[in-house]
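**Q** Dropping a structure here in structure tokens format, bear with me for questions.
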Amino acid sequence: MDNDFLTIALPKGKLLIDSIQRLSRIGIECQHVNEDSRKLFYDLPQSKVKIIICRATDIPTYVEYGAADLGIVGKDTLLEENKDVIELLDLKFGYCRFVVAMPEGSVPPKHSNGEYDLSGLNHQRVATKFPRVAETFFSELGMQVNPIKLHGNIELAPCVGLAEMIVDIVSTGKTLRENHLLEVAPILEATSRLIANRVAYRMKYERIKDITGKLRNDMNEEVLDVQSL
Ligand SMILES: Nc1ncnc2c1ncn2[C@@H]1O[C@H](COP(=O)(O)OP(=O)(O)OP(=O)(O)O)[C@@H](O)[C@H]1O
Ligand SMILES: O=P(O)(O)OC[C@H]1O[C@H](OP(=O)(O)OP(=O)(O)O)[C@H](O)[C@@H]1O
């Protein structure tokens, strides 16, 4: 790998546009990076940066193995993939919530404090793209579940008897509503993170520190702009 250059892995999909905007605002001129093109890497010689475009779920792998020095990825993916990378910064965009949801007709009874009593869900099947997140949540409650790994359209699974419940992302709540599912427990909130390869963090410390500092300042300025409106 060219030691002068810093390779940054960006996720195609929902986090790409914000990632490009953030990097552009700190002088890494990547406005022309385009997910619709089949081009998967871009050299930005002026900034001494290479941008690579990966699937969101693959970003921690590219960074762990050092194929990328830095990456941008959702906290949810970071928890699920559990790779050996350094989390440098919460970039605060791409907010989403993880929940347990079930068909309206089979939600468990509620405790007196209004929370659903999840104890009857022990050993039940949970359809999810995030089996580790699901297992961790239930094991912290002293429960065990049987995760069924799917790659999309998770809400379908309980509707056709593949699983009793799902663990998935809720944003507007439209997908749950349209499939007659109800949230029975919140799990976690996630935003996007800047991550680094461990070796690159030592070998390219000054450059990585510079980028992290600029991104942090840029976020602070954005907060000040909003506050002054
Ligand atoms: N409504 C949402 N649905 C899904 N992800 C969201 C949402 N809002 C924010 N995100 C964030 O965007 C990240 C990327 O989601 P996206 O749907 O683009 O990729 P993906 O389909 O999960 O990944 P892959 O293509 O690798 O399976 C998620 O990991 C999450 O952090
Ligand atoms: O609360 P909502 O606004 O309806 O959004 C939530 C949906 O968005 C995500 O799916 P995505 O669009 O990534 O498609 P997928 O099911 O193929 O993962 C998530 O997995 C939910 O299905």
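**Q** Roughly what % of DSSP beta bridges within the chain run antiparallel, to the nearest 5? The partial results should precede the final answer.
**A** On the way: 27 of 42 bridges.
Bridges in the chain that DSSP calls antiparallel: roughly 65 percent.
**Q** Quick one: Kirkwood hydrodynamic radius for the chain, alpha-carbon pairs, angstrom, one decimal?
**A** It is 19.3 Å.
**Q** Please report F5, F98 as a ranked list, fewest other C-beta atoms within 10 angstrom at the top and most at the bottom.
**A** Listing F5, F98 from fewest to most nearby Cβ atoms yields F5, F98.
**Q** For C30, what residues show an amide H to amide H distance below 5 Å, using hydrogens built from the backbone and excluding near sequence neighbours?
**A** Amide H neighbours of C30: S24.
**Q** So what's the back-of-envelope 222 nm ellipticity for the chain, counting only DSSP H runs of four-plus at -39500 (n - 2.57) apiece and dividing by all residues, rounded to 500?
**A** Per the formula, -8500 deg cm²/dmol.
**Q** Additional query: Could you tell me what percent of the DSSP beta bridges with both partners in segment 1-115 are antiparallel, to the nearest 5?
**A** In segment 1-115, DSSP labels about 35 percent of beta bridges as antiparallel.
**Q** Moving to a separate point now. Roughly what angle does helix 205-227 make with the longest principal axis of the chain, taking Cα atoms, 0 to 90 degrees, to the nearest 10?
**A** Taking Cα atoms only, the helix is inclined about 60 degrees.
**Q** Would you mind ranking M102, M219 so that the residue whose beta carbon has the fewest other beta carbons within 10 Å leads the list? Don't skip to the answer; put the middle values down first.
**A** Numbers: M102 24, M219 17.
In increasing order of surrounding Cβ atoms, one gets M219, M102.
**Q** Could I ask something else about it? Rounded, prolate or oblate for segment 96-188? Axes are the square roots of the Cα gyration tensor eigenvalues, ordered a ≥ b ≥ c, and the cut-off for rounded is a/c under 1.5.
**A** Judged from the Cα gyration tensor, segment 96-188 comes out rounded (a/c under 1.5).
**Q** List the lysines whose Cα lies under 25 Å from the Cα of K149, skipping any in the same chain that are fewer than 8 positions away.
**A** Reachable lysines: K12, K14, K75, K83, K129, K174.
**Q** Amide H to amide H under 5 Å from T7: which residues, 5+ apart in sequence or cross-chain, H placed 1.01 Å off N in plane?
**A** K50, D69, L70
**Q** What angle do you read, to the nearest 10 degrees and between 0 and 90, between the alpha-carbon axis of helix 16-25 and the longest principal axis of the chain?
**A** Tilt of helix 16-25: around 30 degrees.
**Q** Short version: ³J(HN,Hα) in whole Hz for each residue of segment 174-184, in order, from phi by Karplus 6.51 cos²θ - 1.76 cosθ + 1.60 (θ = phi - 60°), x for Gly and Pro, what are they?
**A** Values per residue, Gly and Pro as x: 4, 5, 4, 4, 5, 10, 6, 10, 10, 5, 10 Hz.
**Q** Taking amide H positions as placed in the peptide plane 1.01 Å from N, state which residues far from R125 in sequence (5 or more) or on other chains have amide H under 5 Å from it.
**A** The answer is N146, E164, M165.
**Q** Quick one: V133, V199, V73, fewest Cβ neighbours within 10 Å first, how do they rank?
**A** Numbers: V133 22, V199 10, V73 31.
So the residues, fewest neighbours to most, are V199, V133, V73.
**Q** Show me, for segment 90-97, the HN-Hα J-couplings you get by feeding each phi into the Karplus relation (A = 6.51, B = -1.76, C = 1.60, θ = phi - 60°), rounded to Hz, glycine and proline as x.
**A** 8, 7, 6, 9, x, 4, 8, 10
**Q** Something else now. Using the Karplus curve 6.51 cos²θ - 1.76 cosθ + 1.60 with θ = phi - 60°, work out ³J(HN,Hα) for each residue of segment 136-141 in order, rounded to whole Hz, and write x for Gly and Pro.
**A** With coefficients 6.51, -1.76 and 1.60, one gets 4, 4, 6, 5, 5, 8 Hz.
Computed from the coordinates by the stated procedures, all read-outs in this text should not be read as laboratory data. Quick caveat: nothing in here was measured; it's all calculated off a predicted structure. Heads up, the Cβs are rebuilt from the backbone with ideal geometry, glycines too, and the neighbour counts pull from every protein chain shown.
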